[in-house]
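Below you'll find the structure, written out as structure tokens, and then a few comments.
The values are calculated or read from the model by the stated rules, or taken from the named source; none is laboratory data. As the structure is a prediction and not an experimental result, all values here were calculated from the model. Here the Cβ positions follow ideal geometry from the backbone for every residue, glycine too, while neighbour counts run over all protein chains shown.
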Amino acid sequence: MVDPSHKGKEFAPYSYTIEPGKVREFLLAVGEDNPVYRDSTLLPPTFSTLAAFWGGAGLEASLNEIDVEISRVLHSEQEYIYHAPVKVGDTITGTTRIADIYAREASAGSLEFIEFVTDYVNQDGDLVITDRSLVIVRE
Amino acid sequence: MTLYFEDVSVGDELPELEKGPLQEVDLVRYAGASGDFNPIHTVPRVAQSVGLDTTIAHGMMIMAYAGKMITDWAGAGTLRQFKTRFSGMTKPGESVVCRAKVSKVIEEGGEALVMGRLTVKGKNDDSLKLKGDFTVALPRKSG
């Protein structure tokens, strides 16, 4: 069981500087060969996952804080809202909170859902991306 | 080539994007690049311990493919919103096909917006991997 009292919990903010080498590695890993990402400082749509995993303690540590083991977790939904441009070289700071925790009965047994919402601001303090991530915890 | 708002109509289909067949090492590479080291993506023994028959691809890797389809068509930096629901697992050996269709075109808040719905399915069995929706802001020919 995920303790429902964690709903509303806010994790420590984390910062991530978007390094060109790491972006290049990410582009190669997802087969993103559009030359625009090589020839400009623009970033592909899901790049902020780098900040989520490399910027702070990462998802695994956040899950540990609420006593959930990462291998029991599956990603159910992911949404990004792009408020303002982010480019290579920017430093973004994310603050993640648990927006919801709920259970649902399914054929596979009881499934628990945790909704994480992260707002990222850039080095000027402008809101750039909202990341909403829904995960399933398997019993 | 720039895609303009005036070039887009409801019902238009985006060019399909096919990826795969995925190799085990692609999952390892994505784990290292993204920093998502959940072992169900890379270590068969752990995947089996939670009831899977083998490792499964990161949903975010499949979402990145869908994102590539969108920005190959609309241009980098045009996305305003992008959402996916991960419906099925993708395993090594599978190929996937990303498809999308324009569902709405509106002018709102001074921006020319195009919305669409997308799917990613297994190439061989048509199994649904993810579905989602997106909004891009496009330039107008009139400027």
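Tabulated results
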read-out	value
B:Gly93 in a loop (DSSP other than H, G, I, E, B), away from chain A (no Cβ under 14 Å), over 15 Å from B:Trp73 (Cα atoms) and not β-branched (Val, Ile, Thr)	yes
Boolean, A:Val86 is more than 28 Å from B:Thr55 (Cβ to Cβ), touching a Pro at 6+ places or on another chain (Cβ under 9 Å) and either surrounded by 20 or more Cβ atoms within 10 Å (Cβ to Cβ) or free of Cβ contacts under 8 Å to residues at least 60 places away in the same chain (or both)	no
Criterion (polar (S, T, N, Q) and modelled with pLDDT under 95) met by exactly one of B:Ser49, B:Ser95, B:Ser34	B:Ser49
Hey, A:Val73 surrounded by 13 or more Cβ atoms within 10 Å (Cβ to Cβ), in contact with a strand residue (DSSP E or B) (Cβ under 9 Å, 6 or more places away or on another chain) and within 12 Å of another protein chain (Cβ to nearest Cβ) or not	yes
Filter result for B:Thr71 (assigned to a strand (DSSP E or B) and within 26 Å of A:Val88 (Cβ to Cβ))	no
Hits in the stretch A:29-39 - residues which are facing chain B (nearest Cβ under 7 Å), assigned to a loop (DSSP other than H, G, I, E, B) and not β-branched (Val, Ile, Thr)	A:Gly31, A:Glu32, A:Asn34
Selection within the stretch A:1-28 - surrounded by 14 or more Cβ atoms within 10 Å (Cβ to Cβ), part of a helix (DSSP H, G or I) and out of contact with any strand residue (DSSP E or B) (no Cβ under 6 Å at 6 or more places or on another chain)	A:Lys22, A:Val23, A:Arg24, A:Glu25, A:Phe26, A:Leu27
Hits in the stretch B:1-28 (condition: surrounded by 15 or more Cβ atoms within 10 Å (Cβ to Cβ), under 18 Å from the mean Cα position of the chain (by Cα) and under 22 Å from A:Phe26 (Cα atoms))	B:Leu17, B:Lys19, B:Gly20, B:Leu22, B:Asp26, B:Leu27
Residue in the stretch B:42-65 that is assigned to a strand (DSSP E or B) and of a type in the set (Gly, Ala, Ser) present	no
Residue match in the stretch A:50-73 (condition: farther than 30 Å from B:Val136 by Cβ, assigned to a loop (DSSP other than H, G, I, E, B) and of a type in the set (Asp, Glu))	yes
Any chance A:Gly58 is free of Cβ contacts under 8 Å to residues at least 12 places away in the same chain and among the small types (Gly, Ala, Ser)	yes
So B:Lys19, is it over 25 Å from A:Arg72 (Cα atoms), modelled with pLDDT of 95 or more and within 11 Å of chain A (Cβ to nearest Cβ)	yes
Top-ranked residue of the stretch B:53-68 - restricted to ones that are within 10 Å of chain A (Cβ to nearest Cβ) and among the hydrophobic types (A, V, I, L, M, F, W, C), ranked as surrounded by the fewest Cβ atoms within 10 Å (Cβ to Cβ)	B:Ile56
